[in-house]
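> What follows is a single structure, and I will ask about it in a moment.
The values are calculated or read from the model by the stated rules, or taken from the named source; none is laboratory data. These numbers were taken from a predicted model, which means no experiment stands behind them. No Cβ is skipped: glycine too gets one built from the backbone with ideal geometry, and neighbour counts run over all protein chains shown. What goes into the accessible areas is simple: the full protein's heavy atoms, side chains included, and nothing from ligands, DNA or RNA. Shrake-Rupley method; radii C 1.70, N 1.55, O 1.52, S 1.80 Å.
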Amino acid sequence: MEPIVLSIGSERRFFDFISRLNEKDRIALISHSDLDGMASLKVASKVVNASFTKFVDYFDVNEKLVNDLRSNKINKVIFMDISLEKKEIITEIESFAE
């Protein structure tokens with residue numbers, strides 16, 4: 001049986017996003033709170049100079065997270081190792097951050 005592969009965005013879109021980051025950006029790295037999520041954030045933090053890092057579980061992707069990002073003046077967000085299923089939360093984050 002052929003595996004099902006779901007993809008959001010593309011490698012090109014990711015590389016374009018990363019290449020536009022600069023020292024003025026307030027970047028958040030947010031990753032799942034399991035072991036591979038922790039490893040993902042650790043690796044990403046070696047490449048991206050984050051202003052804000054947070055480990056989350058699925059129930060943590062909520063209004064409190066939105067408020068934390070907004071109060072920290074985050075304008076760029078990188079989610080790793082977690083499925084984002086609450087479209088209204090993502091839409092709210094997109095109102096002030098890329």
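> Check whether at least one residue in segment 50-63 is of a type in the set (A, V, I, L, M, F, W, C) and under 18 Å from I18 (Cα atoms), and report yes or no. Even if it seems obvious, please write down each step before you answer.
Taking segment 50-63 as the starting set, the residues that turn out to be of a type in the set (A, V, I, L, M, F, W, C) are 50, 52, 55-56, 59, 61.
In the following step, the residues that additionally are under 18 Å from I18 (Cα atoms) were identified as 50, 52.
Yes.
> Now for a separate question. So, in segment 51-67, of the ones that are assigned to a helix (DSSP H, G or I) and open to solvent by less than 30 Å² (accessible area, probe 1.4 Å), which residue ends up nearest to I93 (Cα to Cα)? Explain how you work it out, then say what you get.
First pass over segment 51-67, keeping only residues assigned to a helix (DSSP H, G or I): 58-60, 63-67.
Now drop any that are not open to solvent by less than 30 Å² (accessible area, probe 1.4 Å), which leaves 65-66.
Numbers: L65: 9, V66: 6 Å.
Looking at the filtered set, the residue picked out is V66.
> Now, a different point. Can you pull out the residues in segment 1-44 that are touching a strand residue (DSSP E or B) at 6+ places or on another chain (Cβ under 6 Å) and either small (G, A, S) or at pLDDT below 95 (or both)? Spell out the reasoning first.
Of the residues in segment 1-44, the ones touching a strand residue (DSSP E or B) at 6+ places or on another chain (Cβ under 6 Å) are 25, 27-31, 33, 37, 40-41, 44.
Selection gives A28, S31, S33, G37, S40, A44.
> May I pose another question? Step by step: first the residues of segment 68-98, then only those that are over 24 Å from N22 (Cβ atoms), part of a helix (DSSP H, G or I) and not polar (S, T, N, Q), then the one that is modelled with the lowest pLDDT. Which residue is that? Outline the logic, then answer.
Applying the first criterion (over 24 Å from N22 (Cβ atoms)) to segment 68-98 yields 81-89, 91-92.
Next, from what is left, pick out any that are part of a helix (DSSP H, G or I): 87-89, 91-92.
Right, trim to not polar (S, T, N, Q) and you get 87-89, 92.
On the way: K87: 89, E88: 94, I89: 94, E92: 97.
Looking at the filtered set, the residue picked out is K87.
> Being among the small types (G, A, S) and touching a helix residue (DSSP H, G or I) at 6+ places or on another chain (Cβ under 6 Å), is that true of even one residue in segment 46-69? Break it down stepwise before answering.
The initial filter retains those residues of segment 46-69 that are among the small types (G, A, S), namely 50-51.
Next, only the ones that are touching a helix residue (DSSP H, G or I) at 6+ places or on another chain (Cβ under 6 Å) stay: none.
Within segment 46-69, none of the residues are among the small types (G, A, S) and touching a helix residue (DSSP H, G or I) at 6+ places or on another chain (Cβ under 6 Å).
> For segment 79-98, which positions are open to solvent by 20 Å² or more (accessible area, probe 1.4 Å) and among the β-branched types (V, I, T)? Steps first, answer last, please.
Keep residues of segment 79-98 that are open to solvent by 20 Å² or more (accessible area, probe 1.4 Å), which gives 79-88, 90-92, 94-96, 98.
I82, I90, T91 - these are the residues of segment 79-98 that are open to solvent by 20 Å² or more (accessible area, probe 1.4 Å) and among the β-branched types (V, I, T).
> Let me ask something else. Consider segment 17-44. How many of its residues are in a loop (DSSP other than H, G, I, E, B), of a type in the set (D, E) and either buried (at least 19 other Cβ atoms within 10 Å of the Cβ) or in contact (Cβ under 8 Å) with a residue 40 or more places away in the chain (or both)?
First pass over segment 17-44, keeping only residues in a loop (DSSP other than H, G, I, E, B): 21-26, 33-34.
This time we only want the ones that are of a type in the set (D, E), so: 23, 25, 34.
After this cut, where a residue has to be either buried (at least 19 other Cβ atoms within 10 Å of the Cβ) or in contact (Cβ under 8 Å) with a residue 40 or more places away in the chain (or both) as well, the list is 25, 34.
Result for segment 17-44: 2.
> With the checklist (1) surrounded by 13 or more Cβ atoms within 10 Å (Cβ to Cβ); (2) out of contact with any Phe, Trp or Tyr (no Cβ under 6 Å at 6 or more places or on another chain) in hand, flag the one item K73 doesn't pass.
All conditions are met except number (1).
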